[in-house]
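Participant: What follows is a structure written as structure tokens; I'll ask about it next.
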Amino acid sequence: MTLFNSQFSRRLFLGAALSFVAVTSLQAGDVTYQSSGTAINGYDPVAYFTQKKPVKGDAAHSFTWDGADWRFASQENMATFSADPEKYAPKYGGYCAYAVSRGYTAPTDPEAWSVVDGALYLNYSKGVRSRWQSDQAANIKVGDKNWPGLRADL
């Protein structure tokens with residue numbers, strides 16, 4: 001029984017350590033709209049505005065901006081983005097809007113999104129998005145205040 005507990009403890013510790021390394025690597029370096037270097041995990045940022053849903057982009061329609069590779073569902077969406085990237089790029093460098101409103105960064109799920117006052121916000125999950133939306137205006141206000149300091153630490 002002691003051997004099992006010891007092996008279990010080692011596995012638990014190793015799993016926690018690997019999780020810490022993965023989260024730390026997501027937060028290291030320049031803001032690249034996610035760690036893979038492909039913004040929004042390959043989703044088209046313009047589609048959130050025009051089609052009002054997440055749409056997977058195509059590598060054939062890609063544009064490099066702010067250290068990340070942005071992918072688009074069409075040449076038209078790519079041209080729209082390249083004309084005004086800050087209008088379509090997600091706020092807070094693509095990190096979770098709820099996390100930023102709480103003073104830290106977290107990765108996001110492209111399916112957990114909101115467009116508010118012409119700006120795209122992403123969240124860690126749909127459940128977290130619900131929490132963020134419960135007091136959206138206040139969360140945006142605090143997130144806007146927190147973001148410059150968080151960005152400087154990335």
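The values are calculated or read from the model by the stated rules, or taken from the named source; none is laboratory data. This is a predicted model, so every value here is computed, not measured. Backbone-built Cβ (ideal geometry, glycine too); neighbour counts: all protein chains shown.
Participant: Looking at the structure I just gave you, is T38 modelled with pLDDT under 95 and over 23 Å from N146 (Cα atoms)? Talk me through it step by step, then tell me what you get.
Facilitator: Values: modelled with pLDDT under 95: yes; over 23 Å from N146 (Cα atoms): yes.
Here the answer is yes, as T38 does meet what is asked.
Participant: Being at pLDDT 95 or above and not in a strand (DSSP E or B) narrows it down to one residue among Y121, Y48; which is it? Walk me through how you get there before you give the answer.
Facilitator: Numbers: Y121 fails: not in a strand (DSSP E or B).
That would be Y48, the only listed residue that is at pLDDT 95 or above and not in a strand (DSSP E or B).
Participant: Against the definition (in contact with a Leu (Cβ under 8 Å, 6 or more places away or on another chain), assigned by TED's automatic domain parsing to the domain that holds G37 and β-branched (V, I, T)), how does T80 come out, yes or no? Even if it seems obvious, please write down each step before you answer.
Facilitator: Details: in contact with a Leu (Cβ under 8 Å, 6 or more places away or on another chain): no; assigned by TED's automatic domain parsing to the domain that holds G37: yes; β-branched (V, I, T): yes.
No.
Participant: Go through segment 100-139 and report how many residues are among the β-branched types (V, I, T) and buried (at least 20 other Cβ atoms within 10 Å of the Cβ). So that I can check it myself, show each step before the final result.
Facilitator: Within segment 100-139, the first condition is being among the β-branched types (V, I, T), and the residues that meet it are 100, 105, 108, 115-116, 128.
Filter once more, so that each one left must be buried (at least 20 other Cβ atoms within 10 Å of the Cβ): 100, 105, 108.
Total meeting the criteria: 3.
Participant: Is at least one residue of segment 130-149 outside any strand (DSSP E or B), within 11 Å of the chain's Cα centre (by Cα) and closer than 20 Å to K52 by Cα? Walk me through how you get there before you give the answer.
Facilitator: If we filter segment 130-149 for residues that are outside any strand (DSSP E or B), which is where we start, we get 130-149.
If we keep only those that are within 11 Å of the chain's Cα centre (by Cα) as well, we get none.
No, there is no match, as no residue in segment 130-149 is outside any strand (DSSP E or B), within 11 Å of the chain's Cα centre (by Cα) and closer than 20 Å to K52 by Cα.
Participant: Can you run down the residue pairs with Cβ atoms below 8 Å, 6 or more apart or on separate chains, where the first is in segment 109-124 and within 11 Å of Q136 (Cα to Cα) and the partner is surrounded by fewer than 17 Cβ atoms within 10 Å (Cβ to Cβ) and among the aliphatic types (A, V, I, L, M)?
Facilitator: Short answer, once both residue conditions are applied: Y121/V115.
Participant: Under 14 Å from the mean Cα position of the chain (by Cα) and in a loop (DSSP other than H, G, I, E, B): does that describe A106?
Facilitator: yes
Participant: So is Q75 on the phi < 0 side of the Ramachandran plot and at pLDDT 95 or above or not? Steps first, answer last, please.
Facilitator: Working: on the phi < 0 side of the Ramachandran plot: yes; at pLDDT 95 or above: yes.
Criteria met by Q75.
Participant: Looking only at segment 79-86, decide whether some residue is crowded, with 20+ Cβ neighbours inside 10 Å, in contact with a strand residue (DSSP E or B) (Cβ under 7 Å, 6 or more places away or on another chain) and either part of a strand (DSSP E or B) or modelled with pLDDT of 95 or more (or both).
Facilitator: For segment 79-86, residues crowded, with 20+ Cβ neighbours inside 10 Å, in contact with a strand residue (DSSP E or B) (Cβ under 7 Å, 6 or more places away or on another chain) and either part of a strand (DSSP E or B) or modelled with pLDDT of 95 or more (or both): present.
Participant: Could you please tell me which pairs satisfy a Cβ distance under 6 Å, a separation of 6+ or placement on different chains, a first residue in segment 53-75 that is over 14 Å from A89 (Cα atoms), and a second residue that is β-branched (V, I, T) and crowded, with 18+ Cβ neighbours inside 10 Å?
Facilitator: Close Cβ pairs (under 6 Å, with a partner that is β-branched (V, I, T) and crowded, with 18+ Cβ neighbours inside 10 Å) amount to A73/V55.
Participant: Hey, does segment 93-103 have a residue that's within 24 Å of A47 (Cα to Cα), touching a helix residue (DSSP H, G or I) at 6+ places or on another chain (Cβ under 7 Å) and either outside the structural domain of G37 (by TED's automatic domain parsing) or modelled with pLDDT under 95 (or both)?
Facilitator: yes
Participant: Considering only residues of segment 87-98 that are over 13 Å from L154 (Cβ atoms) and not in a loop (DSSP other than H, G, I, E, B), which is farthest from the chain's Cα centre (by Cα)?
Facilitator: Just the residues of segment 87-98 that are over 13 Å from L154 (Cβ atoms), to begin with: 87-91, 96-98.
Next cut, not in a loop (DSSP other than H, G, I, E, B) only: 87-88, 91, 97-98.
Values: K87: 16, Y88: 14, K91: 9, A97: 8, Y98: 11 Å.
So, considering only residues that are over 13 Å from L154 (Cβ atoms) and not in a loop (DSSP other than H, G, I, E, B), the one farthest from the chain's Cα centre (by Cα) is K87.
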